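Since the structure comes first, as structure tokens, the remarks are kept for the end.
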Amino acid sequence: MANKKVYLGMIADIMHPGLINIITEGAKYGDVMIGLFTDKAIATHKRLPYLSYEQRKNVVEHINGVAEVVPQDEWSYVPNLMKYKPDYIIHGDDWCEGPEKYLRDEVFKAMEQIGGKVIEIPYTKGITSSGLASELESLGTTPQARMKSLRRLISAKPIVRIMESHCGLTGLIIEHTKMQEGDATREFDGMWASSLTDSTSKGKPDIEAVDLTTRLHDLNDSLEVTTKPVIYDGDTGGKVEHFVFTVRTLERLGVSAVIIEDKVGLKQNSLFGTDAVQTQDTIEGFCHKIRSGKEAQVTNDFMIIARIESLIAGKPVEDALERAFAYVEAGADGIMIHSKNKDGMDIKEFCTRFRERDSHTPIVAVPTTYAQFTEEELAEWGINIVIYANHMLRSAYPAMVKCAESILEHHRCQEASADYCMPIKEILNLIPGTKKK
Ligand code: SPV
Ligand code: MG
């Protein structure tokens, strides 16, 4: 008679004694089938693991007591339980209470339906995968791992959530800010190095006056204190002869993608729209820039994303679509479609029509003016990456002005400290490494 089948769901990013213990326990009941969570399953609930699915599979299938590894593509165990109909499922007893209790309830129901049993074993105290993950996070990342992570996120998530960062402090906020929603943790997936906020934070206009070296010097502050991917706002990309060097420099730093816009001449911020005279590049000219950039890059991981300014320039969706297909043909790894209209309908139309012919090239959107749409709605339109392009800087500035005005008004800082400032103790403890042990 065939051995009994024991199902064990696992992420297995970091192997530790608690996981070995549960595998050993499971093996006492029969052949252990590991349901290894895919990136897609994990991304619905938390940060992607450090190791890819293939790397984790490679580790797990070599562990004593593991008979088979199958993908678990959903956070819920139920689809796999129905598919594989194991005799047992084994799980730590930590899901009896708290936000994961609903998972336990549905597993009990499913096992009853298929005539199997649930085995719960005491959770190994003092060591958890999430505890180890935060230790690992503090060790940082490598340029290569950071660069690759954007492509992984795009294929794992319905929509990738990117926030503007212009200094080390905003980088830290994006790295660490989390919200709990049921048993899922919501956080930002990465950073946008915005030309608007990079130049505004220096008191300069957004006209490519802040040079690459200066911007990268400041970006390094964010890179030093974070592990999440960076999308770099490359403005027009400059001259083709210069752009090829920019690509290599960004790649070497571990930046995941550069977005270049199809404008020529003196660039101004797109949100001025047709109030500022802007010239769009020819399709041939911009395709040449994309091709040259793609030829210059060293890895397969770096992405060059083409940004289309047709709607900003008051041209119809047809013009944007014609350019989009040409840019993809020239090698663009993604399309950013921009608009300053408030109703978002031009973006929706573009996405719908683009998706009729191209189901896979990632679309990037910057909903600064059509901010009423949720991430779920944008994903529905076919958008893969949403960039909140300036919100860290725009929220900080009014707070600083209020504080300055309060000191002028009251001839002292007591009111400003109470109303607009974080406590001194908090700022001393804000930066890791300055906390007293
Ligand atoms: C930026 O953030 O610099 C951008 C996006 O390019 S926008 O300001 O909307 O043009
Ligand atoms: Mg910009």
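The values are calculated or read from the model by the stated rules, or taken from the named source; none is laboratory data. All of these numbers come straight from a predicted model, not from anything done at the bench. Because the Cβ atoms are built from the backbone with ideal geometry, glycine has one as well, and the counts that use them run over all protein chains shown.
Among the helices (runs of 4 or more DSSP H) confined wholly to segment 345-412, which include 2 or more residues that are out of contact with any Ser or Thr (no Cβ under 6 Å at 6 or more places or on another chain) and exposed (fewer than 13 other Cβ atoms within 10 Å of the Cβ)?
345-357, 391-410
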(message) On the basis of being more than 18 Å from the chain's Cα centre (by Cα), at pLDDT 95 or above, surrounded by fewer than 21 Cβ atoms within 10 Å (Cβ to Cβ) and among the acidic types (Asp, Glu), does residue 241 make the cut?
(response) yes
(request) Residues that are within 12 Å of ligand 1 (Cβ to nearest atom), free of Cβ contacts under 8 Å to residues at least 60 places away in the same chain and in contact with an Asp or Glu (Cβ under 9 Å, 6 or more places away or on another chain): find the helices (runs of 4 or more DSSP H) completely inside segment 185-254 holding 2 or more of those. (result) 195-200
(message) Whether any residue in segment 121-133 is modelled with pLDDT under 95, on the phi > 0 side of the Ramachandran plot and over 21 Å from the mean Cα position of the chain (by Cα) is what I want to check.
(response) yes
(request) Give 304, 308 a once-over and let me know the one that is touching a residue at least 12 places away in the same chain (Cβ under 8 Å), assigned by TED's automatic domain parsing to the domain that holds residue 242, among the aliphatic types (A, V, I, L, M) and more than 14 Å from ligand 1 (Cβ to nearest atom). (result) 304
(request) Just one of (1) among the aliphatic types (A, V, I, L, M); (2) within 15 Å of ligand 2 (Cβ to nearest atom); (3) at pLDDT 95 or above trips up residue 247, so point out which. (result) (2)
(message) Would you confirm whether or not segment 164-182 contains a residue that is free of Cβ contacts under 8 Å to residues at least 40 places away in the same chain and crowded, with 22+ Cβ neighbours inside 10 Å?
(response) no
(message) Taking the conditions exactly as written (in contact with a strand residue (DSSP E or B) (Cβ under 7 Å, 6 or more places away or on another chain) and in a helix (DSSP H, G or I)), does residue 290 satisfy them or not?
(response) yes
(message) Any residue in segment 334-359 that is within 16 Å of ligand 2 (Cβ to nearest atom) sitting within a Cβ distance under 8 Å of a residue that is in a loop (DSSP other than H, G, I, E, B) and among the aromatic types (Phe, Trp, Tyr)? List the pairs, counting only those 6 or more apart or interchain.
(response) 339/370
(request) Would you check which residues across segment 171-201 are within 16 Å of ligand 2 (Cβ to nearest atom) and more than 13 Å from residue 229 (Cα to Cα) and list them? (result) 194, 195, 196, 197, 198, 199, 200, 201
(request) Six or more apart or on different chains, Cβ under 9 Å: which pairs go from a residue in segment 377-388 that's assigned by TED's automatic domain parsing to the domain that holds residue 364 and under 15 Å from residue 337 (Cβ atoms) to one that's at pLDDT below 95 and within 15 Å of ligand 1 (Cβ to nearest atom)? Could you list them? (result) none
